[in-house]
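The values are calculated or read from the model by the stated rules, or taken from the named source; none is laboratory data. Just so we're clear, the structure is a prediction, and the values are computed from it rather than from any experiment. Please note: Cβ atoms are built from the backbone with ideal geometry, for glycine as well, and neighbour counts cover all protein chains shown. Areas reflect the complete protein model, heavy atoms only, side chains present, ligands, DNA and RNA absent. Shrake-Rupley method; radii C 1.70, N 1.55, O 1.52, S 1.80 Å.
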Amino acid sequence: MTNNSSVLRFVSEMQALVDPDSVVWIDGSESQLDTLRALGVKTGEMIKLNEEKLPGCYLHRTKPNDVARVEDRTFICTRKEEDAGPTNHWCDPQEMYERLYDIARDSYRGRTMYVIPFSMGPIGSPLAKIGIEITDSIYVVLNMAIMTRVGQKVLDTLGDSNDWVRGFHASCDIDPEKRYICQFPEDNAIISVNSAYGGNVLLGKKCFALRIASFQGRNEGWMAEHMLILGLENPKGEVRYIAAAFPSACGKTNLAMLIPPEYLRKKGYKIWTVGDDIAWMRIGKDGRLYAINPENGFFGVAPGTNAHSNFNALESTKRNAIFTNVALNLDDNTVWWEGLDENPPKHALNWRGEPWDYRAYDKNDKVRTAAAHPNSRFTAPAVNCPCLSTEFETGEGVPISAIVFGGRRAKLAPLVYQSRDWVNGVFIGSAMASETTAAAAGAVGVVRRDPMAMLPFCGYHMGDYFRHWLDMGERLGDKAPKIFNVNWFRTDKDGNFLWPGYGDNMRVLNWIIDRCEGKVDARETAIGYLPYPQDIDRTDLDMDVATLESILDVDKAAWEKEAAEITEHYKKFGDRLPAQLADQLAGLKARLAELD
Ligand code: SAT
Ligand code: MN
C-alpha cells in the first residue's frame, strides 16, 4: 500500500516485536470493513443489532475493569522530567519503551496485526495531520474508521514524508495492573497496552489530537484544544463560530448539537455542528483564529441522550454506529440506556452482558445496577448528524468569534460572564474547575482544577501551555476571539438545577455573540463582565427574574475562597507560571477586596 520507508520500517519493527499470525493493512474500503464486521461478530467482539431499526449498527462490551480513561496510568515521556510538568505522570522514555515492549512482546501470537493509516482533519487539509495506528483489535479498527479518515488515500497523501505519528496498541490481557497509555511527544509516538476502551485505544483521539498535538502546536505556533466547535446562524443567515472547552461528560456534544427553543427557531436561528470534542486552531491569512475538527465522528456519552436532550446526537446513532457498554434489548435486538426513554426493556442484558432487571436500578449505585455503564458511549459517523455544518469538510477551518470555558460547578460560577480581555480570559481558563464525572476512572463529583479542560490532555508543562495561550493572544491582537465562561450546573439548596440547560443554552450563546459584536451592554464586576438580567432572553422560559439574578451573582466570600484555592493551584507551576497570570490573580483579589 505504500513505499514510505519510515512507515514500512515501523510496521516491520512492531511486527517483529509482537509476532502476529498475519498483517492486514486497512485500505478504507467498505468491503474490507464489512469483512472485519463479520469477523468481529464471529469472534463475539461485536453484536450485530436489528438491521431494520439500527442498520449497520453494532454493540461491543469491554471488560468491566476497562470502562474509562485511566489518568493515573497515562504518561508523558519527555527526556527531561520537568518538560512534562507537575500535572502529568512522567517516565524516562527509554525506560518506558523497554517496559512497554516487554509487556507487548509476542502478544499478537495467534492474532492479526491491523495497520490503520489515518488522517486527523480532512485529508490533505493544511491543518490536518497523519498517523498510523497498529492494533490487534477489530473494535479499534472499526471505531477508527468512524472517528477518523482511514485508508489508502491517507498513505497517498503522506507520500514519502516522515511527518506522521506512530501509534501502537496491544490489547494483551486487559490487565489493569499492566495498563499504560504513554505519549512520547519528542518522538511523535504513542503506545497503549492492556486496554481496549475508547480514549485509551482510539489513538487518534486524546493521545494524538490532544496530547501529541498540543506539544506540536506549541512548537509550530498553533493550538490543539479540548473544545467543541459550533456555528450559530442568525435570521439574516450570518453564521458566527464559537469554540467551547468543557471537561469530559459535561455536555460538549449536547451544546455542539443544540436545537434552539421554538421561538428562536421560528425567527430563523440555527446551530451547526463542526465538532463536539476537539479543535485544532491556527491563525489564518486575515489574522483571525481558524478552527477545524480533526475528527470524523462522535464518541458521545450514551446515558441521558434522548430526543429531548440531544435529538441530533440520537439521530446520528441510528445507522452505522457502534455502541459500547450499553444494554441490549433482547425483545427487538436494539440498545437501551438510562435516560433514553421511560420504558426500560423488560428483557435485557446489562452492559456486562448479564440478565438485567429494571426494578433493581439504584441511581446511587449505577455501575452495579444500571443497564448501561455511566460512561457507555456511541461512536457515530459525523455525516449522520442532521445539523452537521457545511464547513465540516473545509480544510481551511472556520473563523472563531468566541472562546467559551465552562465546567460543572453547583455553586459559585455564574451562568455566564465575559473576561476583561484575552489575558484575563487565559487566567479564567487556567483557573477552571469542575466536578469530576464517570469519563475517567476515580471518584465522581469532586471539584478539581482542570485548566482549559486540558488537565488530562496537555502533552507538556502546563505553565508553558499557559504561556503559549498568552503568546497566541499577542499574535492575534485585536483580532483575538472574545473569551467567556459559562456554568449550566448551578443548583439550589436541594440540589435541583436552576438553569434548564440543553436548548435553552442558546439564550446564553446569543448574549455571547451580541457581546462579540458590541450589540449589548454588560455590568463590570470583580470577575469580569456579567449580563444585565434583562439581556438574557426569557421568552417562553418558566423562570422568574429573581432566579436568573441568583445565578448571575458574584458572592464576595465565595470568590475570596476561590481566589485562595487558585493561589494554591498556581503554586504547582512554580517559576513556569507566567507572571501575567500571577498579576491577574492579584488583580482579582484586589477587586474583590473593594467589594462590600
Ligand atoms: O474516552 S474518551 O477520552 O474518548 C472520552 C472522554 O473522556 O472525553
Ligand atoms: Mn472529550
Being modelled with pLDDT of 95 or more and within 20 Å of the chain's Cα centre (by Cα) is the filter; apply it to the stretch 400-428 and report the residue that is farthest from residue 470 (Cα to Cα).
406
Of (1) surrounded by fewer than 24 Cβ atoms within 10 Å (Cβ to Cβ); (2) assigned to a strand (DSSP E or B), residue 169 satisfies every one except (1)
Tell me, please, whether a residue that is within 16 Å of ligand 1 (Cβ to nearest atom), open to solvent by 10 Å² or more (accessible area, probe 1.4 Å) and aromatic (Phe, Trp, Tyr) can be found in the stretch 264-274.
no
Quick one: in the stretch 248-263, of everything that is among the aliphatic types (A, V, I, L, M) and more than 16 Å from ligand 2 (Cβ to nearest atom), which residue is least open to solvent (accessible area, probe 1.4 Å)?
258
Does at least one position in the stretch 561-568 carry a residue that is more than 31 Å from the chain's Cα centre (by Cα), under 19 Å from residue 413 (Cα atoms), of a type outside the set (A, V, I, L, M, F, W, C) and at pLDDT 95 or above?
no
Residue check: is residue 560 open to solvent by 60 Å² or more (accessible area, probe 1.4 Å) and touching a Leu at 6+ places or on another chain (Cβ under 7 Å)?
yes
What pairs come up if the first residue lies in the stretch 202-218 and is open to solvent by less than 10 Å² (accessible area, probe 1.4 Å), the second is of a type in the set (Asp, Glu) and more than 12 Å from ligand 1 (Cβ to nearest atom), and their beta carbons are under 9 Å apart, counting only those six or more places apart or on different chains?
202/133; 203/133; 204/133; 208/133; 210/225; 214/225; 217/225
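Residues are listed down the side, and each one gets a yes or a no for (1) of a type in the set (Val, Ile, Thr); (2) closer than 18 Å to residue 438 by Cβ:
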position	(1), (2)
293	no, no
296	no, no
307	no, no
313	no, yes
326	yes, yes
333	no, no
Looking at the stretch 348-397 only, could you name the residues that are among the hydroxyl-bearing types (Ser, Thr, Tyr) and either under 26 Å from residue 265 (Cβ atoms) or assigned by TED's automatic domain parsing to the domain that holds residue 272 (or both)?
389, 390, 394
Within the stretch 488-513, the residues that are in contact (Cβ under 8 Å) with a residue 40 or more places away in the chain, surrounded by fewer than 23 Cβ atoms within 10 Å (Cβ to Cβ) and polar (S, T, N, Q) are 491, 510
Every residue in the stretch 138-164 that is under 24 Å from residue 58 (Cβ atoms), outside any helix (DSSP H, G or I) and not β-branched (Val, Ile, Thr), please.
149, 151
Count of residues meeting criterion [part of a helix (DSSP H, G or I) and away from ligand 2 (no atom under 14 Å from the Cβ)] in the stretch 178-206
5
Return the only residue of 79, 61, 69, 73 being surrounded by fewer than 15 Cβ atoms within 10 Å (Cβ to Cβ) and either of a type in the set (D, E, K, R) or under 30 Å from residue 318 (Cα atoms) (or both).
79
For the subset of the stretch 130-166 comprising residues that are in contact with an Asp or Glu (Cβ under 8 Å, 6 or more places away or on another chain), closer than 18 Å to residue 210 by Cβ and of a type outside the set (Val, Ile, Thr), which member is most open to solvent (accessible area, probe 1.4 Å)?
166
Name the residue, out of 460, 502, 465, that is on the phi > 0 side of the Ramachandran plot and either away from ligand 1 (no atom under 16 Å from the Cβ) or in contact with a Cys (Cβ under 9 Å, 6 or more places away or on another chain) (or both).
502
Of the residues that make up the stretch 303-316, is at least one crowded, with 24+ Cβ neighbours inside 10 Å, in contact (Cβ under 8 Å) with a residue 12 or more places away in the chain and assigned to a strand (DSSP E or B)?
no
Does any residue of the stretch 563-570 turn out to be under 25 Å from residue 273 (Cβ atoms), open to solvent by less than 10 Å² (accessible area, probe 1.4 Å) and not acidic (Asp, Glu)?
no
Got a number for residues in the stretch 223-247 being of a type outside the set (Asp, Glu) and open to solvent by less than 20 Å² (accessible area, probe 1.4 Å)?
15
